[in-house]
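The values are calculated or read from the model by the stated rules, or taken from the named source; none is laboratory data. Here the structure is a predicted model, which means the values were calculated and not measured. Glycine also receives a Cβ, built like all others from the backbone with ideal geometry; neighbour counts cover every protein chain displayed. Surface areas here come from the heavy atoms of the whole protein model, side chains and all, with no ligands, DNA or RNA. Shrake-Rupley method; radii C 1.70, N 1.55, O 1.52, S 1.80 Å.
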Amino acid sequence: MKLHTVEKIGGTSMSDYAAVRDNIILKNGGTVKGGTAKAGVYQRIFVVSAYGGITDLLLEHKKSGRPGVFALFAGTDEEQSWSEAVDGLRQRMEEINANLFADPDLLARANAFIGERLQDTERCLSDLERLCQHGHFELEGHLNTVSEMLASLGEAHSAWNTVQLLRQEGISAHFVDLTGWRDGEHLDLDDRIRRAFADIDLSQELPIVTGYAHTREGLMQTFARGYSEMTFSRIAVITEAREAIIHKEYHLSSADPRLVGEMQAVPIGRTNYDVADQLANLGMEAIHPRAAKGLRQQEIPLRVMNTFEPEHSGTLVTGDYISETPCVEIIAGRKNIYAVECFDQDMMGIMTSYDRTINDIIARFKGSVVTKDINANTITHFLASNLKTVKRIRSTISEQYPDCDIQVRKVAVVSAIGSDMKVPGMLSRAVAALAQSGISVLAVHQSMRQVDMQFVVNESDYERAVKSLHHALVEVYEHGEAICAA
């Protein structure tokens, strides 16, 4: 291990430059404008996300599915043209620049930097659209590349801006552009990182790195919106970081404070990568599971910190941590889940084949499976996908199995998660707590590893279910440390 850390700053945090500067960048060593930065500023690498909301405008809204430039270009919505969306994107990016740069010359440079990339993007999309009007070319075959190109704009924008702003503070910030813009070479991720950091002196330079990296295989095809976490992880592994740190706008807490109350929810403090995987499955990513794998293998600890509470040490995630006493560490969940229930009397005896076919259909439409259950003649998948995708999946399953009775309903999944939950009677306590709150449990899942228990409930019962489980399974000391359930 070397001396440095690799740190990722999330999009919501990036949207508050003053907090990023004061609470993250300058936390370990201040500087004065035009002066020389103290040593504490260096020996760190920062991987930045796009400003909050920008990736939604570039691709599509992560939660609502509202189309961005990519979705409009792909033809998923004909009410608005993709070129109009690019104009709206440019306006939003320039608004962000105007709020960051008081100096007119620097503002003009910032607008010129992102403006040139947007102009290149428009030209590429227009040329591709015309090309695909010819019968020998299909747009579908180019969409992955288009999504990669568009995604890169957000991180290039935020990274370039951050470098200019930090230089005004007297910090020797270095723009590390991994997007491969106008780069004819198609490298794999590790090679691109090695090349970018070959001549950087971490003792005297502060690299600000784009969360998106252009690779031969394409990051988004494998990691979707988790691509920046993969870039962050591989940089930490390749540069042999002492610690990997993610700065978010909230703590990794025992539950959502908005649901259970600020006084009841507490930062977890310590947990392991297994728990992080369970959270990722619910869409509450501390880190993408594939990104966590490299950190775990290289025994690099991961720390999740709250940008707006810089004095708090956050939550440390390691591979070998097991709670001293078996307990529930966090109550987490997810709404907007669609239960796709497939009942067929003929399923008995051919369950494996049936299951494989349905899984292939879900994968074809890029459906996200949170969990599933199976009995003799029924398979139910619980999907964290938008309704349009769910309808396509249902229709295709129906075509494949005409006699199958397919029911779709909206539900929520609430989980109790911990690094060690091997406590006799914990499941019954959880179910009893839900029953006492008048909540009907539609399905229950618990694996033999006993790191999580999942409860499927009506979506209208989601908030009450989180409160009930947190009250029953997680207690809190006055000084803010979680008590393990006995």
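Taken about its Cα centre, region 383-456 carries a charge dipole of about 240 debye when Lys and Arg each add +1 at the Cβ and Asp and Glu each add -1 at the Cβ. About its Cα centre, the chain has a charge dipole of approximately 500 debye under the convention of +1 per Lys or Arg Cβ and -1 per Asp or Glu Cβ, with nothing else charged. The percentage of C-alpha pairs in the chain whose separation is greater than 40 Å is 26%.
Excluding same-chain neighbours fewer than eight residues apart, the aspartates and glutamates reachable from residue 62 by a Cα-Cα span under 15 Å are 285. Please give every one of the lysines within straight-line cross-link reach of residue 467, meaning a C-alpha to C-alpha distance under 18 Å, and leave out same-chain neighbours fewer than 8 residues apart. Output for residue 467: 335.
Here's how it looks for residue 205: its modeled amide H is under 5 Å from those of 43, which are all 5 or more places away or on a different chain.
Solvent-accessible surface of protein heavy atoms, probed at 1.4 angstrom with all chains present, puts 130, 392 in the order 130, 392, largest first. Taking the convex hull of the alpha carbon positions in region 209-294 and averaging its projected area over all directions gives 6.6 nm².
Above 20 Å, the calculated P(r) of region 300-450 contains 62 percent of its Cα-Cα pairs. A dipole drawn for the chain from +1 and -1 charges on Cβ atoms has a positive end, and of 302, 74, 371 the residue lying farthest that way is 302.
Largest accessible area first, the listed residues 8, 391 line up as 391, 8 when surface is computed with a 1.4 Å probe on the assembled protein chains. Projecting the Cα atoms of 219, 147, 345 onto the dipole axis of the chain, where Lys and Arg carry +1 and Asp and Glu carry -1 at the beta carbon, places 345 farthest toward the positive end. When nucleic acids and ligands are ignored and a 1.4 Å probe is applied, residue 320 ends up with an accessible area of around 130 Å². For residue 263, the accessible area of its heavy atoms, probed at 1.4 Å with every protein chain present, is near 150 square angstrom. Calculated accessible area for region 292-390 comes out at 48 Å² per residue, all protein chains present (probe 1.4 Å; ligands, DNA, RNA ignored).
Using a probe of 1.4 Å on the protein chains alone, the accessible area found for residue 395 is around 60 Å².
If I take all pairs of Cα atoms in region 403-449, what percentage of them are more than 15 Å from each other? Percent of Cα pairs beyond 15 Å in region 403-449: 58. Taking all protein chains together and a 1.4 Å probe, the residues 399, 217 rank 399, 217 from largest to smallest accessible area.
A simple charge model with +1 on the Cβ of Lys and Arg, -1 on the Cβ of Asp and Glu and nothing else charged puts the dipole of region 335-470 at about 540 debye relative to its Cα centre.
Counted over the chain, the DSSP beta bridges are approximately 65% antiparallel.
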